[in-house]
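Quick note: the coordinates plus some simple rules give every number you see, no bench work behind them. Just so we're clear, the structure is a prediction, and the values are computed from it rather than from any experiment. Please note: Cβ atoms are built from the backbone with ideal geometry, for glycine as well, and neighbour counts cover all protein chains shown.
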Amino acid sequence: MSGIATRFRKLSAASLSFSAVLGLLLLVASAAQAAPFAYISNTNDNNVSIIDTATNTVTGTVAVGNQPFGVVVTPDGTRVYVANFLGNTVSVISTATNTVIATVPVGTSPEGVAVTPDGARVYVANFASNNVSVISTATNTVTATIAVGSNPRGLAITPDGLRVYVASQSSNDVSVISTATNTVTGTIVAGSFPLGVAVSPSGAQVYVSNFSSANVSVISAATNTVTATVAVGAAPEGIMVTPDGTRVYVANQNGSTVSVINTATNTVIATVTVGTFPIGVAVTPDGARVYVPNLGSNNVSVISTATNTVTATVAVGTSPSSFGQFIGGAAGPATAPTITNGPPPNGTVGVVYSFTYTSTGSPTFSVTAGSLPPGLNLISAGVISGTPTTVGTFGGTVTATNGTAPDATQNFSITIVAVAPPPPPGTAAPIPTLSEWGLIFLALLMAGMAWFTHRRKGLR
């Protein structure tokens, strides 16, 4: 019996050890799958390198517009918005397929990009047109344009989504935009040539890197005033706050370093040597690592926030910049799209028409066979709108795609009718026919007989 008990205890211990190891392996695998990606804009290659932060390897490259610079990932990780400086556009990348699904014209020479916490809007700083474009992520169209200071570069949005802070290089100030009204509600004097902007996780402080004065302005969001100035390295540009709010990392372009600021004391506690001409800087969601694209050495430095040392260097394309919060993604596996409503209704000539497809899988829509009635158009977000101009029946096929097979398709047949013309002024009502007069007389006779019968009963 004792031998059996001993073997059982050994088997149990071995089973437990195997279970623990298996659980640890599954946990590691799960963590690796969930690791976000760094999207690096290669300015001179007109593309974006995708780095898997779990392995620090480039897993893909996406062609975008002319001279990509600013990059931001939406909070749900499904889209990446890339500002193309010489293209005057913003490329929209689907992270499920790593393809450009839309190109949005904006102002002149767009640089900085930021997305609201709810993912509904993207704000783009247009350097040469001195304004900010507001993009609706539902339709990927510009819904507002806001005049700001001279040569805006970087911008950041508060965690509550209520304000946007925009650094304008040539006017040495920061514009404060209300997202409720898309108007400038205040202007703050910063240092010389302010470029980058970052907001603390609490929303209480705003940090602005000043390129020419080699320092960082610390702004109180409650009063919109500068409360401290921190000297950093030469020509600071990209700037980002760690998720716990305790550190600010600043990329110093001319110094080829990154300054680390302690937010409790507003002092530099470390200086990390990176590649040549670092531009952007972004922190992983867990706060463990900082990624720094180096424009001059064509690579990305990976800094451990625990030791403030470079732990990896990843080769990418030519002149990497990625100005903004360029880390995110790792959304769940893509699923094939479905169309959950429709088909669209009929319409009338001259009457405004609107129909919106609903769907799953965040697809883009297009007409792949036949045609819509003249005057109607379908945008990629799945909205058919316009004013019909021609009577007739028009058919075809709408396809929804997100890069995962199979695509969803739905046939449509929309009939457009003419508006019935009103009767000419002064037209008399039509005279009843003989049979209609007979029916009218019979109805009156029956009503009279009923009244007479009721009256006789009442007199008895």
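Test of understanding: what is the full-extension gain from Ala443 to Ala204, defined as 0.36 nm times their sequence separation minus their Cα-Cα distance? It would help to have the intermediate numbers written out before the result.
Numbers: separation 239, 0.36 × 239 = 86.04 nm, distance 8.14 nm.
Residue separation times 0.36 nm, minus the Cα-Cα distance, leaves 77.9 nm.
Which cross-chain or sequence-distant (5 or more) residues have an amide H under 5 Å from the amide H of Val274, H modelled 1.01 Å from N in plane?
HN-HN under 5 Å from Val274: Thr257, Val258.
What is the helix-to-structure angle for 434-459, meaning the angle in degrees between its Cα long axis and the longest Cα principal axis of the chain, kept from 0 to 90 and rounded to the nearest 10?
80 degrees
State, as an integer percentage, the relative contact order of segment 85-192 based on alpha-carbon contacts under 8 Å between residues 6 or more apart. Can you show the working numbers first?
Working: 281 pairs, mean separation 17.7, N = 108.
Relative contact order for segment 85-192 comes out at 16 percent.
Using a basic spin-label model with each label point 7 Å from the Cα along Cα→Cβ, how many nm lie between Thr307 and Asn44?
3.2 nm
Pull out a ≥ b ≥ c, the square roots of the eigenvalues of the alpha-carbon gyration tensor of segment 176-272, then state rounded if a/c is under 1.5, prolate if not and a/b is larger than b/c, and oblate in the remaining case.
Working: a/c = 2.00, a/b = 1.48, b/c = 1.35.
Prolate, since a/c reaches 1.5 and a/b exceeds b/c.
For the chain, find the longest principal axis of its Cα atoms and tell me its angle to the long axis of helix 2-34, 0 to 90°, nearest 10.
Between helix and principal axis, roughly 70 degrees.
Using the Karplus curve 6.51 cos²θ - 1.76 cosθ + 1.60 with θ = phi - 60°, what ³J(HN,Hα) values do you get for each residue of segment 395-401, in whole Hz, with x for Gly and Pro?
x, x, 10, 9, 10, 10, 9
Students often get this wrong, so try it: which of [x] 1.42; [y] 1.28; [z] 1.61 is Cα Rg over 2.2 N^0.38 Å as calculated from the structure shown?
[x]
Hey, what did the chain get for relative contact order, percent, Cα under 8 Å, at least 6 apart? Intermediate results must be reported in sequence, preceding the final value.
Values: 1265 pairs, mean separation 44.0, N = 460.
Computed over the chain, the figure is 10 percent.
What whole-number distance in Å separates the alpha-carbon centres of segment 183-256 and segment 106-157?
Between the Cα centres of segment 183-256 and segment 106-157 lies a distance of 19 Å.
Between Thr390 and Thr141, take the C-beta separation as r, use R0 = 35 Å, and let me know the FRET efficiency to the nearest 0.05.
Numbers: r = 26 Å, r/R0 = 0.74.
That gives a FRET efficiency of 0.85.
If a/c stays under 1.5 just call it rounded; otherwise compare a/b with b/c (prolate if a/b is bigger, oblate if not). Do that for segment 32-128, with a ≥ b ≥ c from the square roots of the Cα gyration tensor eigenvalues.
Cα axes put segment 32-128 in the oblate bin.
Taking amide H positions as placed 1.01 Å from N in the peptide plane, with prolines and chain starts having none, which residues 5 or more places from Phe193, or on another chain, fall under 5 Å of its amide H?
Asn172, Ser212
At 222 nm, what value in deg cm²/dmol follows for the chain if DSSP H runs of at least 4 each add -39500 (n - 2.57) and the sum is divided by all its residues, to the nearest 500?
Working: 2 runs with 59 residues, N = 460.
When only DSSP H runs of four or more count, the value is -4500 deg cm²/dmol.
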